[in-house]
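The values are calculated or read from the model by the stated rules, or taken from the named source; none is laboratory data. If you're wondering where the values come from, they're calculated on a predicted model, not measured in any experiment. Methodologically, a virtual Cβ is constructed for each residue, glycine included, from the backbone with ideal geometry; neighbour enumeration extends over all protein chains shown. Please note that ligands, DNA and RNA were not included when accessible areas were found on the heavy atoms of the full protein model with its side chains. Shrake-Rupley method; radii C 1.70, N 1.55, O 1.52, S 1.80 Å.
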Amino acid sequence: MLKEWKLKEIVLMSLFGVVFGIVYLLFLHIGNLWAGVIGPLAYEWMFGIWFIVSIISMYIIRKPGAALLPETLAAAIEVMLGNAIGPRLILSGIIQGLGAEAAFALTRYRHFHVGILMLAGAGAGVFSFVYGYFLSGYAALDPSFVALMFTLRVASGAIIAGIGGKYIADSLLATGSLRGYAIAKAEKGDVRA
């Protein structure tokens, strides 16, 4: 998968994985505080933050694996920093990354407009919810509550990860720091990017 990647793409993807591993752990604590105020739905509306690195990385690098790998790395970093879920969280990262990666694979890695980025965020939400449904016993909950959880998680993925990820990557692009990456080439009209 990485044999077609440039070293700078691997480094950037790794940097994003580490940075967002820290961000994800921070948001876990924010979510815990918020859940104490509004209850178990607190996480669902903010779940998109845990999918965002896959969108940012893929939008910039635009190669197979650019959503899966940083999401997995971020989960591993979060575990190493002390997330109480432990190694099982790495599997969550893989599943979330696969959900985002699937949307880009549907376009054969050729389209990166906001609709596809939102679909990727929603895909991460769907994959993560299905995994959580079986792992966390959502079947025991009222079906209408489960439907609300699902809707909030998918919408959060589309909005926070999809739109938010595009905004962050476009902001980085505007600084000039992404020259030489596929996102900058596409901005200049290189159809191969």
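Restricting attention to the range 21-39, the residues that are open to solvent by less than 20 Å² (accessible area, probe 1.4 Å) and within 14 Å of the chain's Cα centre (by Cα) total 2. Just one residue in the set Gly180, Gly189 is in contact with a Lys or Arg (Cβ under 8 Å, 6 or more places away or on another chain), of a type outside the set (S, T, N, Q) and assigned to a loop (DSSP other than H, G, I, E, B); that residue is Gly180.
For the range 142-176, the tally of residues that are more than 14 Å from the chain's Cα centre (by Cα) and open to solvent by less than 70 Å² (accessible area, probe 1.4 Å) stands at 10. Is there a residue being open to solvent by 60 Å² or more (accessible area, probe 1.4 Å) and in contact with a Ser or Thr (Cβ under 7 Å, 6 or more places away or on another chain) anywhere in the range 55-66? Within the range 55-66, none of the residues are open to solvent by 60 Å² or more (accessible area, probe 1.4 Å) and in contact with a Ser or Thr (Cβ under 7 Å, 6 or more places away or on another chain).
For residues in the range 1-18 being without any contact (Cβ under 8 Å) to a residue 40 or more places away in the chain and of a type in the set (Val, Ile, Thr), which is least open to solvent (accessible area, probe 1.4 Å)? Among those that are without any contact (Cβ under 8 Å) to a residue 40 or more places away in the chain and of a type in the set (Val, Ile, Thr), it is Ile10. Here Gly82 fulfils each of the conditions (1) within 20 Å of Tyr24 (Cβ to Cβ); (2) surrounded by fewer than 24 Cβ atoms within 10 Å (Cβ to Cβ); (3) at pLDDT 95 or above apart from (3).
As a summary of the residue check, Ala42 satisfies the conditions (1) in contact (Cβ under 8 Å) with a residue 40 or more places away in the chain; (2) open to solvent by less than 20 Å² (accessible area, probe 1.4 Å) except for the one numbered (1). Flag set for Arg110, criterion: free of Cβ contacts under 8 Å to residues at least 24 places away in the same chain and within 21 Å of Ile168 (Cα to Cα). Residues considered: Leu141, Leu135, Leu106. Of these, the only one that is at pLDDT below 95, out of contact with any helix residue (DSSP H, G or I) (no Cβ under 6 Å at 6 or more places or on another chain), over 25 Å from Ile22 (Cα atoms) and of a type in the set (A, V, I, L, M, F, W, C) is Leu141. Determine whether Ser136 is closer than 22 Å to Ile38 by Cα and buried (at least 19 other Cβ atoms within 10 Å of the Cβ). When the stated conditions are applied, Ser136 does not pass them.
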